[in-house]
Structures are given as structure tokens and as C-alpha cells.
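Participant: Can you keep this structure in mind? I'll have questions shortly.
The values are calculated or read from the model by the stated rules, or taken from the named source; none is laboratory data. None of these values were measured; they are calculated from a predicted model. Here Cβ is always computed from backbone atoms with ideal geometry, including for glycine, and neighbour counts include all displayed protein chains.
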Amino acid sequence: MPKPWRISLAVGISGIYLMLLASPVLAQLDAIVANEEFSQRPFRFGLELRNFTIFQKNYAGFPVGGEVEGFNLTSLRAKADWQVHQQVALQLHLVQNSLLKSEDTGVNFNGFSVTGTAGSFLIDDLTQDLVDEEAALVTLFPDRLALKFTQQSFGVALGRQAVTFGRTFFWNPIDWIAPFTQNTLDRSYKAGADVVRIDLWLQRFTALSFFYAFGADANWDESALFTKFSTNVHHFDVDLLLGKVKEDLRFGYGISGTAAYLGGGALRTEGTYYLATESGEDDFFRATVGYDYQVTPKLFLLSEYYFNGFGSSESEDFPLLFLDPRFVSGDITNVGRHYLAGSGRYEVTPLLDAEASVIINLLDGSLTLSPSLRYSVADEVELNLGSLIALGSRPQLQVPTSEFGTYPSFFWLELTLSM
């Protein structure tokens, strides 16, 4: 019987071949959707198909799996937006994921994810398992299901929707609902959460918003209630957040903008202070500050520093932090204290971009490297070849000696078709 990673490779190549064959048909459908008469109708429909073939290279002594494991994920997203009335809109996204995997992979490895994960802010995830086998899983679920009402001075949104606050890239301490990990492969869509949102637009560039995010079974202890004030001060966008998230009390801020003294680049910072509500727990603070700059029309550079008060400077504390509910849920995805990250993107040709990023734990010296190439095959077709290479001292007798040394490495091929 072929090895699972070979099956994943065969399925991935076959899927890519079929998607390329289908691209002319999708181009015709895209032309129909883009037609002016069609686009003015109150109902809009779209499709996106993404295929990921990913290989996991384990280090000697990795607790599960063989030397090389693999999985193939095909994700089909059907998007419908209906302008029911001038002030009322309905949004629905149905997602079918088909996963073929080895028995033991890092497909759910904390710190690395293929797409955004919904986390725990769902009353019921409404997922239907169409196939549920040891090496194959096919699911269907609504990632968006929201009713929106807007007027000149206020808006209300009810249901499953994306809630995004983050201003920096690698880490988002104020993204309290279903945050991306620092190594999320595909950030095209933020995972939906079951939320009631009320926006009050007080004046130009100034708004006050209220959120209630439902936890599992609408349990109060698993839910979130908070408010966000947004304004602009001297060309800088400013967010202030205050509220309760599960059993935490939190205060957060976000600032981003450009100014002459920044040399044409953008400064971004955000942070959250966690107030302990349980006896024996300590308050802590997480914050990141970053600077990005368009060096030339073809070259873009970004850097970030991250302080993680949740983490520890001692590797012997990592096992307990790995088991903390905040880490397990994906709310926090690192266990160290100080980090530095950087990325760059260069336009090799109008159709080909080269990217690379690095994340370093400044205390133990472990790091991840993520080079990638992104090629536009056609207007509706994009190909991405990339990797996440983890470097650092490996665990001794299953005890971590560095953070990223506990990671396997990943290599992937992604193909996207959209209309």
C-alpha cells in the first residue's frame, strides 16, 4: 500500500490538474458575474476553490507520525450576498472542506494552521461530517450567516460574521475573537463567530461599537462582552477596547498611521492588558509594535517586536503553558516572552512575487523561516509554493529546550481559483 504522504501528493497533483482544466469555465462564469447588468442585481454569488498539499517533516524523536507525513485539503467556499432592502443585507458563506491526511500530522499544530480557525465563540458550529474516517474527513459548515441593518448613524449585525481588530501582522493582541496564528498559511478569510454587533457612527472617523460574542451553548463564562471606541488623531487611527472575554477582564489599544517623521513608512502598535479574575492567577500584558515601508515600487519590508507577558523566559515552564486553556484554544499561540519578526515581499515580475519571513524567540534563539513564491497563472488562478522551516534545540526526553525546536517543518503547494 502506498505511503500516506504519497497519496497526498497524488491527490494534490490531480486536484491541481482538474482545477487548471476548469479555469476556462470559471473565467466565463466570472465574466457573467462581472457583467454590469448582473452586478446591479440585489443578489451576488461567488465561488472560491483552494487546494493545499502540505508535507510535514518531523525531527528525530517527534512524538507522533513518521519521518514525513502529509495531508491534502480542498476547500470550496460558496458566497452569497443579498441586499434584501436598501438598509438590510443578508450574508451567507458555506464552506466544504475535504481533508486527506496521514494518521498523525500537525494539521492542527498550534502556531501553524492552514486557514483561520473559528475557536470557541460559536453557540453551535453547525458542522456536518459528510465523511469521517481515520485518514479522510469531509465537512460542511456555514462560516458566515449574518443579517445586517444599516442607517446613516448606526448599524446592527446579527449572526455568524468576521470580527477583526488587529493592526499588526504577525501577532494581534487586540484580536480577541478567533485570531489568526502568527503562521497561518491562508489569511483570505477570518473565521466567523456568533456575534451581535452594534455600531454607532458619532462623527467622521469616530465610532463606538458594542459586541456580544456567544460561547459554546451561549454559556456566559465562555462568551465575550466588550466595547470598542475608534477615532483618528493627527493622521493616526486609534482603537480603545474594554470588556470581558470568557473569564478575563481586558483593556486593549491599537494605533496605526503614517507621518512625515516616519520616513514614509507606517507605524503600528497594539496591546492588551489581562486582569486576573481567578485566585492564584496573575495579571499580564501582551503588546506588539511594528514598522512597514514600501522601499521601492517592487520591494516591501515589515518588522515587528512582540512582548508576551503570558509566556516565560524559562523553557522548563513551556509544558505547563502548552496546556493552558488560552494556548489550547488558540487565543495565545506563543509561550516565550520576547520575539522579533520580519518579512519582505519582492515583485520579481508582474505575475511572480517572492516572499520571506522570519520569527525569532529572542530568549532561546529558536526561529521559523518561511520563504514562498506566489505566481498568478491567470486572473482567477494563483499558485503558491512555500515552507515553514523550524530551527532550534530539539526536546530532550520529550522535554522542550526551546520553543520553535518543538515544531516540525512544513512544505506546501497551494492553488486558488476564484470567481
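Participant: Being charged (D, E, K, R) and under 29 Å from residue 48 (Cα atoms) is the filter; apply it to region 358-385 and report the residue that is surrounded by the most Cβ atoms within 10 Å (Cβ to Cβ).
Facilitator: Here the residue is 380.
Participant: Residue by residue through region 211-226, note down the ones that are without any contact (Cβ under 8 Å) to a residue 60 or more places away in the chain and over 23 Å from the mean Cα position of the chain (by Cα).
Facilitator: 219, 220, 221, listed by residue number.
Participant: Right, another one. Say we look at region 63-106 and pick out the residues that are assigned to a loop (DSSP other than H, G, I, E, B) and crowded, with 20+ Cβ neighbours inside 10 Å; which of these is modelled with the highest pLDDT?
Facilitator: 102
Participant: Which numbered condition in (1) of a type in the set (Phe, Trp, Tyr); (2) modelled with pLDDT under 90; (3) assigned to a strand (DSSP E or B) is the only one that residue 109 fails?
Facilitator: Here residue 109 meets the rest and fails (3).
Participant: Right, something else. Looking at residue 323, is it of a type in the set (A, V, I, L, M), surrounded by 15 or more Cβ atoms within 10 Å (Cβ to Cβ) and within 24 Å of the chain's Cα centre (by Cα)?
Facilitator: no
Participant: Restricting attention to region 338-357, which residues are more than 15 Å from residue 373 (Cα to Cα), surrounded by fewer than 18 Cβ atoms within 10 Å (Cβ to Cβ) and among the hydrophobic types (A, V, I, L, M, F, W, C)?
Facilitator: Listed by number, the list holds a single entry, 340.
Participant: Any idea how many residues of region 138-163 are within 25 Å of residue 74 (Cα to Cα) and at pLDDT below 90?
Facilitator: Summing the residues that are within 25 Å of residue 74 (Cα to Cα) and at pLDDT below 90 in region 138-163 gives 0.
Participant: Would a scan of region 61-75 turn up a residue that is touching a residue at least 60 places away in the same chain (Cβ under 8 Å) and more than 29 Å from residue 398 (Cα to Cα)?
Facilitator: no
Participant: Kindly indicate whether residue 311 is in contact with a strand residue (DSSP E or B) (Cβ under 9 Å, 6 or more places away or on another chain), at pLDDT below 95, within 20 Å of residue 169 (Cα to Cα) and buried (at least 19 other Cβ atoms within 10 Å of the Cβ).
Facilitator: Considered against the rule, which asks whether it is in contact with a strand residue (DSSP E or B) (Cβ under 9 Å, 6 or more places away or on another chain), at pLDDT below 95, within 20 Å of residue 169 (Cα to Cα) and buried (at least 19 other Cβ atoms within 10 Å of the Cβ), residue 311 comes out as yes.
Participant: Among the residues that make up region 283-292, is at least one of them assigned to a loop (DSSP other than H, G, I, E, B), modelled with pLDDT under 95 and out of contact with any strand residue (DSSP E or B) (no Cβ under 8 Å at 6 or more places or on another chain)?
Facilitator: There is no residue in region 283-292 that is assigned to a loop (DSSP other than H, G, I, E, B), modelled with pLDDT under 95 and out of contact with any strand residue (DSSP E or B) (no Cβ under 8 Å at 6 or more places or on another chain).
Participant: Now for a different question. What's the number of the only condition in (1) β-branched (Val, Ile, Thr); (2) out of contact with any Gly (no Cβ under 9 Å at 6 or more places or on another chain); (3) closer than 20 Å to residue 311 by Cα; (4) surrounded by 19 or more Cβ atoms within 10 Å (Cβ to Cβ) that residue 335 fails to meet?
Facilitator: Failing condition for residue 335: (2).
Participant: Tally the residues that are among the charged types (D, E, K, R), out of contact with any Asp or Glu (no Cβ under 8 Å at 6 or more places or on another chain) and either within 27 Å of residue 201 (Cα to Cα) or surrounded by 21 or more Cβ atoms within 10 Å (Cβ to Cβ) (or both), restricting the search to region 144-189.
Facilitator: Within region 144-189, residues that are among the charged types (D, E, K, R), out of contact with any Asp or Glu (no Cβ under 8 Å at 6 or more places or on another chain) and either within 27 Å of residue 201 (Cα to Cα) or surrounded by 21 or more Cβ atoms within 10 Å (Cβ to Cβ) (or both) number 3.
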